[in-house]
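One structure below.
The values are calculated or read from the model by the stated rules, or taken from the named source; none is laboratory data. Just so it is clear, the structure is predicted and the values come from calculations on it, not from any experiment. Note that each Cβ is placed from the backbone with ideal geometry, even for glycine, and that neighbours are counted across all protein chains shown.
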Amino acid sequence: MHLRLTHPPASPAFLALLGALAMAASASTSAAQPAERDMFVSVVDRGGSPVLTLGPEDFVVRDDDRLREVLRARRASDLLHIAVLVDTSQALGSQVSDVRQGLLAFAARMGAQARIALVGFGDRPTVLSDYSSSADAVARGVGLIFPIQGAGACVLDAVDETLAGLEKAGPERSAIVVVWAGGREFGHATDTELIERLAANGTALHVLVIGGGVPEDVRTPEGRHREGLFDRGTTATGGRRTNVLSSMAAADALERLAAELLGQYRITFARPESLIPPKKTIVAVRPEGLTARGLLVPVRAAARQ
């Protein structure tokens, strides 16, 4: 005689419990695997020249003082969207020729690696040329740079409107370059808001200030917001602020900026999953005498790869 063992059919509640346990186990396994995040990083020596020979072992990344493992490092070949915001207020004056020459050389140096747009911010933000890798298109925009007699500057509004366009378009790698000749500020945006949006969008801010001394409008709310943006905005987004005394030095400053952008790295590091994201991510390099500046690639951009 053969005995056949039978089991009662599983109840719906029991099956639901099994499913929940399986999902929890899967989620636990997934959470144990660190996510990967990317940063675009500039590394320069004491003279400001880019350093191009580093590997993953040379970079140090920390999330709120927690050391992260750097997995990969490569030269950044990703297309760069650059919005160049130019002071076309009355303050530009006779410096216009030097600024034009510097911008033409900057665009030529960036070449096909970048799509460049030009925006004047004298009186109000005005698009001079849209994003393009065409040297002719950029040259046409540069040809429209003139000082507007009696006009002040609207740097804050120009950054605000330009950033809105970048947020909508969502390029993975972007930068805003401001060329300011000293125009009195009349923009309305605040530095804190703009800095937060720049960092969240993964847009680096670089500023070239032409002229020395204390700005005449530094005691006004608008002037203070502009100076806060120039100082804290560049630091918070992996950019740089450069001050030159004369417009004749503008071309050299823009050339150094182009060399830095073309020499950037894209590094990938491991970040364990956490319910509370880090407040700050910083990057450094181990070789002495070198300076690293970096900005996280937005999650929305990284997810498209």
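For first residues located in the range 229-246 and in contact (Cβ under 8 Å) with a residue 24 or more places away in the chain and within 17 Å of residue 215 (Cβ to Cβ), partners that are outside any strand (DSSP E or B) and of a type in the set (Phe, Trp, Tyr) and lie 6+ apart or on another chain with Cβ distances below 8 Å form the pairs 241/230. For beta carbons closer than 8 Å, sequence separation of 6+ or different chains, a first residue in the range 129-152 that is over 15 Å from residue 115 (Cβ atoms) and a second that is at pLDDT 95 or above and surrounded by fewer than 17 Cβ atoms within 10 Å (Cβ to Cβ), the qualifying pairs are 147/93.
Based on what the data block shows, is residue 164 of a type outside the set (Ser, Thr, Tyr) and either part of a strand (DSSP E or B) or under 16 Å from residue 298 (Cα atoms) (or both)? Yes: the conditions hold for residue 164.
Considering the range 207-223, and only residues there that are buried (at least 19 other Cβ atoms within 10 Å of the Cβ) and acidic (Asp, Glu), the residue that is farthest from residue 264 (Cα to Cα) turns out to be 217.
Restricting attention to the range 224-241 and to residues that are out of contact with any Phe, Trp or Tyr (no Cβ under 8 Å at 6 or more places or on another chain) and surrounded by fewer than 19 Cβ atoms within 10 Å (Cβ to Cβ), the residue that is farthest from residue 83 (Cα to Cα) turns out to be 224. Out of 197, 226, one residue alone is touching a helix residue (DSSP H, G or I) at 6+ places or on another chain (Cβ under 6 Å), under 28 Å from residue 77 (Cα atoms) and at pLDDT 95 or above. It is 197. Of everything in the range 195-236 that is touching a Leu at 6+ places or on another chain (Cβ under 6 Å) and among the aliphatic types (A, V, I, L, M), the residue that is nearest to residue 177 (Cα to Cα) is 205.
Tallying residues that are part of a helix (DSSP H, G or I) and without any contact (Cβ under 8 Å) to a residue 60 or more places away in the chain within the range 197-228 yields 7. Residue 283 falls short on exactly one of the conditions (1) outside the structural domain of residue 57 (by TED's automatic domain parsing); (2) within 15 Å of the chain's Cα centre (by Cα); (3) farther than 21 Å from residue 108 by Cα; (4) buried (at least 16 other Cβ atoms within 10 Å of the Cβ), and that condition is (1). Yes or no: the range 115-127 includes at least one residue that is acidic (Asp, Glu), surrounded by 17 or more Cβ atoms within 10 Å (Cβ to Cβ) and assigned to a loop (DSSP other than H, G, I, E, B). Yes, the range 115-127 has at least one match.
Inside the range 91-123, residues that are over 23 Å from residue 163 (Cα atoms) and in contact with a Gly (Cβ under 6 Å, 6 or more places away or on another chain) make up a count of 1.
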